[in-house]
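Everything below concerns the one structure shown next.
The values are calculated or read from the model by the stated rules, or taken from the named source; none is laboratory data. Since the structure is predicted, the reported quantities are computational estimates derived from the model, not experimental observations. Here the Cβ positions follow ideal geometry from the backbone for every residue, glycine too, while neighbour counts run over all protein chains shown. Just the protein is used for accessible areas: all its heavy atoms, side chains included, with ligands, DNA and RNA removed. Shrake-Rupley method; radii C 1.70, N 1.55, O 1.52, S 1.80 Å.
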Amino acid sequence: MTTRTENLARIPKVYNPSEVEGRIYKSWMDNGYFQPRIQEGKQPFVIIMPPPNVTGELHLGHALTAAAEDALIRWHRMMGDPTLWLPGSDHAGIATQVVVERQLVKEGKTRQEIGRDAFVGRVWEWVHQYGRTIAEQHKRLGASCDWSRERFTLDEGPSRAVRTTFVNLYNEGLIYRGERIINWCPRCSTALSDLEVIHQEVDSRLYYIRYPHSLDPTRHLTVATTRPETLLGDTAVAVNPDDERFSDFIGQNVTLPRLNRPIPVVADSAVDTEFGTGAVKVTPAHDPNDFDIAQRHDLPLITVIGPQSTMTEAAGPQYQGMTAADCRTRILEDLKADTLLEKAEPLTHSVGHCQRCNTVVEPLAGKQWFVKVGPMADAAAKAVTEGRIRIVPDRFTKVYLNWMDNIRDWCISRQLWWGHRIPVWYCDGCDHLIVSLEDPTTCEACPSTNIRQDPDVLDTWFSSGLWPHSTLGWPDDTEDLRYFYPGSVLETGYDILFFWVARMIMMGIQNMDDIPFHTVYLHGLIQDEHGEKMSKVKGNVLNPLDIIDEHGADALRFALTVGTAPGNDSRLSPAKIRASRNFTNKLWNASRYVISILDQSDTVIPAPEPESIPLPNSPSVIPAKAEIHPLPIEDRWILSRLNRTIEDVTRALTSFRLGDAQEYVHDFIWNEFCDWYIEIAKVRLRDPSAPSPAPVLAHVLESSLRLLHPFMPFITEEIWQSLVRRIPDSPGRPDSIMIAPYPTPDPSAIDPEAEEWANLLMSLVRGVRNVRAERKVEAGKKVPAVLLDCETLGPGGRSFLENLALCSVEARPADAPQPENSVMVVEKATRIFLPLTGLFDFAGERQRLESSLEDLRKRIGQVQSRLSNEQFLSKAPPNVVEKERSRLSSWQEEESNLLHRLAELR
RNA sequence: GGGCGGUUAGCUCAGUUGGUGAGAGCGCUUGCCUUACAAGCAAGAGGUCACUGGUUCGAGUCCAGUACCGCCCACCA
């Protein structure tokens, strides 16, 4: 037999995750635990992981996503559900292209110079070089996803899904090509969707410019604009039809400054009479509002700013070729010279910027491909209003529906080279347009073989929108698709609710005629410890890999989610990570101790009795019910608390309150199991005649590990394995904790009597420790004491006396009057008297008791007034009233004890 | 312009369907290297739950309004 000290010495005092995590992850992988078994008739639990950018590096957002999803996944796997967590990565059109373009620039080249094919080849090289990084980093986190099903958006399958969707939508008239105003990023040289444009307040100037009347140059209209250079593309001036100031201008022409082109004055109710002068210049090719006005009044479009933000030929020989910015300066000078610039006022207004590169976005008219989202949005909104999809937290439902209600068509074509090529070909012979699943070689309408594919690629989010079904094999009818679709939970940050979640719902219903998932769980964003957004520029980023290296994946994961609420932003600080790391160490040492007890006393653990162990739900080293095997009251207490904790955790997990669930397990393990139960167990171990606490120690630890496993997978596995080696064989205990059953509460273990007993014990122990600290009694010095009202303690009476060793007193029961120089600690009816020879202070003691009496009477007064309130008695539920009554009576007992003692001390 | 969230201990945050001496971590004070753990143990201090009004026997929790902070949406020329 190994002695406890030997064994303790063998296990290191400090938990070292770096020695554990890699080995454990590999063993999970080798055993194939991450792959679900399809079990017909059994409802699977499915999460499709948000695919990170293929060339990305793991940041805290990914880590939070993985921590939350892995917790849900592991929980369900332990509950016995066929559980699939499908990982993948996204080609991330613009983001990746921009990175590779920068590489080229360093080599002194541009993508245009090397050409499309060579460029795409370069990106693939890059992807092959770095594409595995983020997957490997997810493994370091302990993510239990099924790597055998990993997908990339540009894989054959998902690519076919993209093409099929495009063709189907085109055939249904839901994809169209049209001339519209789009958001153009001059730096990225591509169109952007409305979502990819970030509006920022910018300090600018509002210029007032005179447009002379064409027939009567003595009269003029003044328009106000922030972008004077666009006037070269004006094709009208608009005023509100009800604006009397301009009624005689309507239908007349004014002369466009600089170009001296006559343009009409039109009446349009979209014009705000309050803003500026009430007259607005109309530049249909460069402003979405003006474009709409032009549509209504049949005005021509004149494009004066080109794709590179330089002035076109249409801007006139004077300005052609200038950058838009230079042109603005120049035109202002020219207008001034012409005395047509009336004034300029400062103005802050919001200007669109490119989400990727922060360049000011240029509204530009051009031919692009659009998805007509209206019908899909209606179906997607209905899925939520009808409750088929639930959004957690609920407040985002309104945000989602509001967006769906006001949705505008989605520009999906991008003038990029990296992405899914648009499956459209144009015939040079007859102008026919071919939309096809397979690459055509000849025109469908004429014999010409002179066809060109549309050069554009699709918005990255187009393929992401298909992710829940394209990853499972759609458009093919696969076993995975039939079994795992629709998924269970879609978990992601609220920042991509519109970009991704909304589109998956639309596209999922469109392609599958069924919702893609039942629940949308949105987590908040992570900020630094000062509430600032983390960014490389600010230099306040914490690197998850560094944290894992230093403190372990468990500490990072726990810190990311503990004490957070769904959808709320949270701050992560080194201190919070350290606190979680400390918890791993606490658990490690408690386990070290329990294991040492098991090693030392291998005879005390009863072999599991099959009939008393409700397998497979709760493998147990002890009979679950006290009747089968009468237990000491402190054992009943900790088992009661364990089961309440299991209830709390399960309820929290069921309602997606992961942060609460973690807190419950944390508090149970630390504050109840470690601080009290283990200490009580030590008292019992000193008495050779007492029943060994080893079985209960082992059981509670083992259950706690399973309870904690979804949040701290590595350390729980490591401890569990060494623990189960020391517990006699049980058929319900598998080789890995991750496939062990999640604890289920046993209502029969809930034991109010034992809990009351423990509360009293803890209060008295605290009270004695308090007095000892106050009186500066040497710590650890044994003090003899007497305990009164011991008989009221019920069946735990004897155990109660022994456990007062927790505050280093040797208590014996008594009913005799106490010596005057004793300090009294009282809780309800029970009193402990400590004769503190030489340390007793008569006046001090009286003062101490008087002040507790004062506090007690305040509380008694409150309860009494409540209990004398007729309304309360008649309207409050009986159990609440009963609770108040019993509180009152126990406090009154305490009061009489205090009064009695004070009288003695007079 | 519209919408949402936050305001609880010095700091960061929880707080289940309203149930009544208000919780955690970190920090602080005091005492302890007590053979599981100093990444720890024990004791303690610290809160008019932003403000005003309402509903209720009872409000941190529900309702209305106010203030400040933050976020999202929107075609502010």
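Quick look at the values:
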| quantity | calculated |
| --- | --- |
| The range A:270-346: C-alpha gyration tensor shape, a/c 1.5 cut-off, then a/b vs b/c | oblate |
| Highest-first arrangement of A:116-127, A:681-692, where packing means the average Cβ count within 10 Å | A:116-127, A:681-692 |
| Spatial separation of Cα centroids for the range A:329-379 and the range A:861-900, in angstrom | 70 |
| Karplus (6.51, -1.76, 1.60) ³J(HN,Hα), θ = phi - 60°, over the range A:282-294, in Hz, Gly and Pro reported as x | 10, 10, x, 7, 9, 7, x, 5, 5, 4, 5, 4, 4 |
| Vicinal HN-Hα couplings computed from phi for the range A:196-204 (Karplus, 6.51 cos²θ - 1.76 cosθ + 1.60; Hz; Gly/Pro x) | 7, 9, 9, 8, 10, 5, 10, 7, 9 |
| Folded to 0 to 90 degrees: helix A:842-867 orientation relative to chain A principal axis, Cα | 60 |
| For peptides A:264-276, A:99-111, sequence by mean Cβ density within 10 Å, most packed first | A:264-276, A:99-111 |
| Size of electric dipole in chain A: Cβ of Lys, Arg +1 and of Asp, Glu -1, about Cα centre, debye, nearest 20 | 1980 |
| Electrostatic dipole magnitude of the range A:243-354 [Cβ: Lys, Arg +1; Asp, Glu -1; Cα centre; debye, to 20] | 380 |
| Lysines with Cα under 18 Å of A:Lys682, excluding same-chain neighbours fewer than 8 positions away | A:Lys586, A:Lys781, A:Lys782 |
| Karplus-derived HN-Hα couplings along the range A:679-696 (A = 6.51, B = -1.76, C = 1.60, θ = phi - 60°), whole Hz, x at Gly and Pro | 5, 5, 4, 4, 4, 5, 5, 6, 9, x, 8, 7, x, 5, x, 3, x, 6 |
| 5 angstrom amide H check on A:Ile175, placed H, neighbours 5+ away | A:Tyr170, A:Lys372 |
| 1.4 Å probe accessible area per residue over the range A:98-140, in Å² | 60 |
| Protection proxy ranking of A:89-98, A:653-662, A:881-890, A:342-351 - average other beta-carbon atoms within 10 Å, highest first | A:89-98, A:653-662, A:881-890, A:342-351 |
| Per residue convex hull volume, Cα atoms of chain A, in Å³ | 250 |
| Helix-only CD estimate at 222 nm, as mean residue ellipticity for chain A, using -39500 (n - 2.57) per DSSP H run (n ≥ 4) | -13000 deg cm²/dmol |
| Accessible area per residue in Å² at 1.4 Å probe, computed on the range A:201-329 | 45 |
| Rounded tilt (10° steps) of A:324-337 against the dominant C-alpha axis of chain A | 60 |
| Whole-angstrom gap from the range A:659-692 to the range A:386-431, using each part's C-alpha centre | 55 |
| Chain A: angle of helix A:17-30 to the longest principal axis, Cα-based, in degrees nearest 10 | 70 |
| Bridge type composition, chain A - antiparallel percent by DSSP, nearest 5 | 70 |
| For A:Leu836, residues with placed amide H under 5 Å, excluding near neighbours | A:Val823 |
| Tensor-based shape of the range A:60-188 (alpha-carbon gyration tensor, a/c under 1.5 rounded, otherwise prolate or oblate) | oblate |
| Mean separation of Cα contacts under 8 Å, 6 or more apart, over the residue count of chain A: relative contact order % | 12 |
